[in-house]
Amino acid sequence: MLCIGCRTCMIGCVVAHEGKHIFEVDPDGYDFHPKLKVIKTFNVSVPVQCKHCEAPACMAACKSDAIHIVNGTVIIRTEKCIGCKSCAEACPFGAIQMVTLGSARNADGAPRSVANKCDLCQDQPKGPACLRVCPTAALRLVKEEDLGQTLKNKRLATLGLALGAEAQKQAAIGA
Amino acid sequence: MSMGVHEIEDAALLFVFGYNGADSHPIVARRIVRAKQKGAKIICCDPRRIETARIADMHLQLKGGTNLLLVNALANVIIEEGLCDDDFIEKHSTGFEEFKEVIKKYTPEGVAERTEISAGEIRKAARMYAQSGRSMILYGMGVCQFGQAVDVVKGLANLAIMTGNFGRPAVGIGPVRGQNNVQGACDMGALPNVYPGYQSVTVPAIREKFEKAWGVKLSDQPGITLTNVPHHVLHEPDPKKRIHAYYIMGEDPAQSDPDLAEVRESLEKCDFVILQDIYMNKTGQYADVILPATGWCEHDAVYSCCDRGFQKARKLIEPTGDVKRDWEIIGLISKAMGRPMEYTNTVQIWNEVIDLCPGFMGATDEKLEKNACIQWPCRSKEEHDMGTVFLHKDGKFAHPDGKAKFAPSEWRPPQELENEEYPLSFSTVREVGHYSVRTMSGNCRTLRNLEDEPGWIQMNPEDCGELGLRHGELVKVRSKRGYCITRCLPTERVKKGATYMTYQWWIGACNELTIGNLDPISKTPEYKYCACRVEKIEDQAWAEKHVREEYEEIRANMGIQTKGGRAA
C-alpha cells in the first residue's frame, strides 16, 4: 500500500552496487542493472525482488554451482554464472533477470550475460540500500524471528476461523 | 495553499482532485500516505488509476474535461441533503442564495452520463466530504490546465466554504503548485499584473512606492502573460506594440508551451531572444544571446514552498566555468541599461523585498536562519510573529467585508473534443524522476537510465489492441497541430479512449499536439485536453533509427558532446 511507484529503490540499488564512481565516469560507461524492479498493475505498485527462499528453486536449477545461501541470503556468484537462464525460469516470483555486462566479454567476444537479482546488499555496512532510500518507508527487512511470529499469528487466525466456521455449522445443524 | 503542507497528515478526509502527488511531488505524496496511515479517508478524483487512487476509499474516475460538472454536483448534493455548515455560511460568506440558484440544475443524475460517475457515487462522496469534520482539498494541474480552470478552483473553494472547511487546522484547499519555487516566482512579482507581494501595478500609491524605492518611472499597465507572447510577436499589427525582444530565464517555452510549431515561429520571428539558464535547452537553439547561470547548489537563495513557506537554500559548492548568479546577471544588465543595481549578497536583496511587501515584512533573514520555514503572511518583524500556518483563521477572508464570496459558474466543455479524424482524447501529465522540461533531470544520468527519449504514450490495452500495438513499439501521435514519435505503453490505469504523455521529451515532444486554448483569467493553456490519433509505424527499424538520429541531431545542435563524436 505504501509504495508510490517512484523507483527510487532501483536507483539506490544500482548506486549501492556500482559505487559512487558511476557519477564520475562517462554517462554511458557503467551498467545500470537494478536488482529489483517496480511493477505496476491496475491496483498494485510494488518492487518485485528476491524472497530469499529457504529451499531456492533457482539454486536447484543452477547448472554451474553459482547460487549459494550465505547467512540466510541467496547469492549469485556472477563470476561462476554461465548465463543459461535456468534460474530465471525456475524462480516462481520472476525475481531474476538476465542482464548484459558492458565490461565483460565471453571467450567468443560476445557481451557476457549473467543472472541478476537482489543480494540484500551483502557488502553494505548500512544494510539494503532500497530500504534506506524509499521515501515512504514501504520496504522492510523481515528477519527470521519476525517471520516466526507472523507465521504463528497466521496459524492462530486460521485456527480461529476454522473453529468459528465449525461452531457456525454446528449451530446451523442444531437449528 | 490555505494550509501548511505538514497539515495534510492530520486531515480526517483528503479530497484529492486532479492532483497526482506520487508522480509530481513524491515528498508531498508521502504526506498523503501518512494521512492514510493515521486513519484519514481519501477521495481521489482523477481519470487515471493514479497511485493515490489505489489507496483511496473512493476513486471517482471521471471523464476528462468534466471537472466543474462533478464539483457543482457535489455542491448540489451538499445543499439538497442539508449537509451545509449553515452557521459558517451565515457568518462568514456572501452570495449563497445566488450560488444555490446556479447549482440547482447540477443534479448527480444530470451529470452522471457526462462525468461517467454514477449518481450514487457522487452522493456518497459529497456526504463523506461534508461530514468528516476536517476535510482538506488538494488539487493540481488536472484542475488548472484547462480552458475552464479558475472556475473549477472557485468551485472547490465553494465546497470548502459551504461546509465550513476553512480557517482551522488541517482543512482548506491546497493547490499543490507544479514546480519548485513557482510560488516564489509569483510571490516575487513574476506575474504581469502585480509587483512583489501581490501589489497591483494599477494602484497609484503602490506604483509610487516602488518608483521611489527603485528610482525609476514605472508603467501603470499590466504586462503580457507568457502564453500570449506568440500572439504579440506574430499577430500584433502595430509594430510599436509588438514584442521585439524576449528575455527568458529558467524556462523552456520551445518545450513546455502548447502548440510548439507556433512557439518556434514566434521565437524565430522575434528580433532578439535572450536565454538565461543553467544548461542548454530547446529554446536556446533560437536564442541570440545565452547567459549561463548558476545551479541551485551554487548560490544562496530563498524559496517559497506551495504553502507560502519561505525557506533559505544555501550554497554548497563554488560555481565553476563562465557562469554568474542570476541576481548578478540582472544587476549587470540593469547597470548597462542605465540603472545601477548594486547588491553584494542575497540578504541585501531579501531585506529590500520584505521592506517593500507588507505581507512578507516579518519574514526577516534572522527568522529564516533560526527557523526552517516562515509562512506568509508575516507582517511584523517582532519575534512573536512566526507567520501564518493556515489562512482565514476564525473565518476571516481577504475581501473588504472580511467574508468569503460564493462564486458559481456554469460548466463548459474543452475546446477540442474527440472526432472522427482524431478519435482519442489527449492529456499531458508528469512522471516521477523527470522534472518539468528535463533541462536539469535530463542531465541526471541515473534518471536517464530509468527513462529516456522518446518517452511513452499511456493507452488503454483495448485501444492498443484495436490498433494492433504492442508494448514498447514506436508510434506516431498526431493532432491537428502536429505530431511526435513515442513508445506505446498499454496500461489498465488509463480509461478507454484517453491517452497521456509526459511533456519533457525532446523527440516525444507532446506539446507539438497540445492546443493553445487559454483559461480567460489565468491564461493557462488547456494542456489536459485535445483530440489526437495514434498511428502504427510499420517499419519499426526505420523508426528506431530515426529517433536515434533525431536525438543526436538535437544534442549536437545544443552543443552537447555526443556519442558519435558530433560537433560540441
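Which whole-number percentage describes the relative contact order of chain B, with Cα contacts under 8 Å and a sequence gap of 6 or more?
Reported relative contact order: 16 percent.
Once a ≥ b ≥ c are taken as the square roots of the eigenvalues of the Cα gyration tensor of region A:51-117, is the result rounded (a/c under 1.5), prolate (a/b larger than b/c) or oblate (a/b not larger than b/c)?
Values: a/c = 2.17, a/b = 1.89, b/c = 1.15.
Prolate, because a/c is 1.5 or more and a/b exceeds b/c.
Under 14 Å from the Cα of B:K104, which aspartates and glutamates turn up, not counting those fewer than eight places away in the same chain?
Answer for B:K104, where 14 Å is the Cα cut-off: B:E80, B:E81, B:E410, listed by chain and number.
Mind checking which lysines have their C-alpha under 20 Å from B:K91, skipping anything on the same chain fewer than 8 residues away?
In chain and number order, the partners are B:K100, B:K154, B:K393, B:K396, B:K403, B:K405.
In region B:318-363, what GluC sites (Glu not before Pro) fall in a loop by DSSP, with at most 14 other Cβ atoms inside 10 Å?
Details: sites: B:E328, B:E342, B:E352; in loops: B:E342.
Here the GluC sites (Glu not before Pro) that fit, given the DSSP loop and packing criteria, are B:E342.
Just want to confirm a number: the relative contact order over region B:182-380, from Cα pairs under 8 angstrom separated by 6+ residues, in percent. Intermediate values should be presented prior to the final figure.
Details: 278 pairs, mean separation 30.3, N = 199.
Dividing the mean separation by the residue count of region B:182-380 yields 15 percent.
Would you compute, from DSSP H runs of 4+ residues alone, the mean residue ellipticity of chain A at 222 nm, taking -39500 (n - 2.57) per run and dividing by the full residue count, rounded to the nearest 500? Don't skip to the answer; put the middle values down first.
Values: 5 runs with 57 residues, N = 175.
Computed ellipticity for chain A at 222 nm equals -10000 deg cm²/dmol.
Give me the angle, in degrees from 0 to 90, between the Cα long axis of helix A:144-174 and the longest principal axis of the Cα atoms of chain A, rounded to the nearest 10.
30
Using the scaling law 2.2 N^0.38 Å as the reference, what is the normalised Cα Rg of the protein assembly as shown? Spell out each step's value before the answer.
Working: Rg = 28.4 Å, N = 743, 2.2 N^0.38 = 27.1 Å.
The reported ratio for this selection is 1.05.
Relative contact order of region B:392-517: what whole-number percent is it, with Cα pairs under 8 angstrom and at least 6 residues apart? Provide the component values of the computation, followed by the final result.
On the way: 194 pairs, mean separation 35.5, N = 126.
Normalised by residue count, the contact order of region B:392-517 is 28 percent.
When the helices in chain B are scored as -39500 (n - 2.57) per DSSP H run of 4 or longer and the sum is shared across all residues, what 222 nm value do you end up with, to the nearest 500 deg cm²/dmol? Mind showing how you got there, number by number?
On the way: 21 runs with 184 residues, N = 568.
It lands at -9000 deg cm²/dmol.
Could you give the nm distance between label points at A:M1 and B:E369, where each point is 7 Å from its Cα heading toward the beta carbon?
With each label point 7 Å from Cα toward Cβ, the separation is 4.6 nm.
For a test of understanding, tell me how many lysine pairs in region B:449-568 have Cα atoms under 18 Å apart, given they are 8 or more places apart or on different chains.
9
Going by a ≥ b ≥ c, the root eigenvalues of the Cα gyration tensor, does region B:5-176 fall in the rounded group (a/c under 1.5), the prolate group (a/b larger than b/c) or the oblate group?
Working: a/c = 1.61, a/b = 1.21, b/c = 1.33.
Oblate shape, in that a/c is at least 1.5 and b/c is the bigger or equal ratio.
Need the list of lysines near B:K312 for cross-linking: C-alpha distance under 22 angstrom, and skip anything on the same chain fewer than eight residues off.
B:K312 reaches B:K324, B:K367, B:K370, B:K381.
Mind counting lysine pairs for me in region A:51-117? Cα separation below 16 Å, and the two need to be 8 or more apart along the chain or on different chains.
On the way: A:K51/A:K117; A:K63/A:K80; A:K63/A:K85; A:K80/A:K117; A:K85/A:K117.
The result is 5.
Just so you know, all these numbers are worked out from the coordinates, no wet-lab data involved. Bear in mind that the values here come from a model prediction, so they are computed numbers and not experimental data. Heads up, the Cβs are rebuilt from the backbone with ideal geometry, glycines too, and the neighbour counts pull from every protein chain shown.
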